[in-house]
Amino acid sequence: MAYETINVDVQDHVCLIKLNRPEAMNALNKELIGELCDALEEADASDKVRCIVLTGSEKAFAAGADIKEMSEMSFTEVFSTNLFADANDRISAIRKPVIAAVAGYALGGGCELAMLCDFIIAAETAKFGQPEINLGVVAGIGGTQRLTRFVGKSKSMDMNLTGRFMNAEEAERAGLVSRVVPAKKLIEEATAAAQKIAEKSLLTAMAVKEAVNRSYELPLSEGILFERRVFHSMFATEDQKEGMAAFLEKREAQFRDK
Ligand code: HXC
């Protein structure tokens, strides 16, 4: 499919989606959000894709929801259209692993979009923030909820109340990002991580994603039970037989997603 506000490239089972509104620091307007959701769903459904990388530009992953587009909206409009609910739900429903590769600004909806991905690899230049308070609003797609679960109450309150930005080093220390890499190597490192995932059984990778995500929804005992049952169910797959046989035979596993 041809898109106006994003670029999509599939190579070696990795789908790289690049946000592309340079004139507005990749601000998330309706068109971009719609195209992004379509592209993610297309990648999720494609046999050619086993892992997805979402990135922006060197300057900005995304500087938030498009303020120009939102500024004149009324309560009735945002409430009745349930603004951003659709994006939250569609992105959360993607079953293949999605890595956010963040350089530059990831602010407001941009930080929230990165947190909707499965993990974040940050360039040294990355800056994260929830500055919505400066606009007279609160975060709208997880900035008070996911960020709090990732970095704890104190830092989340600090970010959401002061609107200050967190650099990559602080974000890694706080547990918001999984690793920090040199800016020039961001795409290479994120793609390498995606390729490593793409070599696994897709069934197993999707089960891992589901199980980790349940940890945000369930009490510990229920989460452990969910995990154990998923673990048990993997013994019905050919990939479990292949993975364990390959280990015992000291060879590489050939997974078939079955
Ligand atoms: C619309 C934006 C934008 C945004 C930047 N631009 N952010 N347009 N919406 N969120 C535009 C600017 O208007 C400007 O356009 C161009 O991008 C370059 O931005 P500058 O401000 O000139 O660049 P710079 O001085 O380098 O500052 C970069 C910046 C700053 C720190 C990222 O632009 C900024 O603070 N942006 C807003 C960040 C923010 O408040 N995000 C939260 C949005 S609310 P022109 O035409 O003037 O050149 C939100 C709610 C989430 O996300 C709800 C759920 C999704």
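The values are calculated or read from the model by the stated rules, or taken from the named source; none is laboratory data. Computed from a predicted structure; not experimentally measured. Counting neighbours? That spans all protein chains shown, and the Cβs are built from the backbone with ideal geometry, glycine included.
Cβ-Cβ distances below 6 Å connect the following pairs, each with a first residue in the range 211-223 that is modelled with pLDDT of 95 or more, a second residue that is not in a helix (DSSP H, G or I), and a separation of six or more residues or different chains: Gly223/Ser215.
Considering the range 1-92, the qualifying strands (runs of 3 or more DSSP E), each wholly inside and each with 3 or more residues that are in contact (Cβ under 8 Å) with a residue 40 or more places away in the chain, run over 14-19, 51-55, 60-62. Do we have Ala106 as within 13 Å of the ligand (Cβ to nearest atom) and in a strand (DSSP E or B) here? Against the criterion (within 13 Å of the ligand (Cβ to nearest atom) and in a strand (DSSP E or B)), Ala106 qualifies.
Of the residues Ile52, Ile91, the single one that is of a type outside the set (S, T, N, Q), touching a strand residue (DSSP E or B) at 6+ places or on another chain (Cβ under 9 Å) and more than 14 Å from the ligand (Cβ to nearest atom) is Ile52. For the range 67-82, does any single residue satisfy the condition of being within 12 Å of the ligand (Cβ to nearest atom) and under 28 Å from Val49 (Cβ atoms)? No, that holds for no residue. Entry remark, the range 180-198: residues being under 18 Å from Gln254 (Cα atoms) and either without any contact (Cβ under 8 Å) to a residue 12 or more places away in the chain or of a type in the set (A, V, I, L, M, F, W, C) (or both) number 4 in total. One residue stands out in the range 1-27 among those that are of a type in the set (A, V, I, L, M, F, W, C) and within 15 Å of the chain's Cα centre (by Cα): the one that is nearest to Ala103 (Cα to Cα), namely Leu19.
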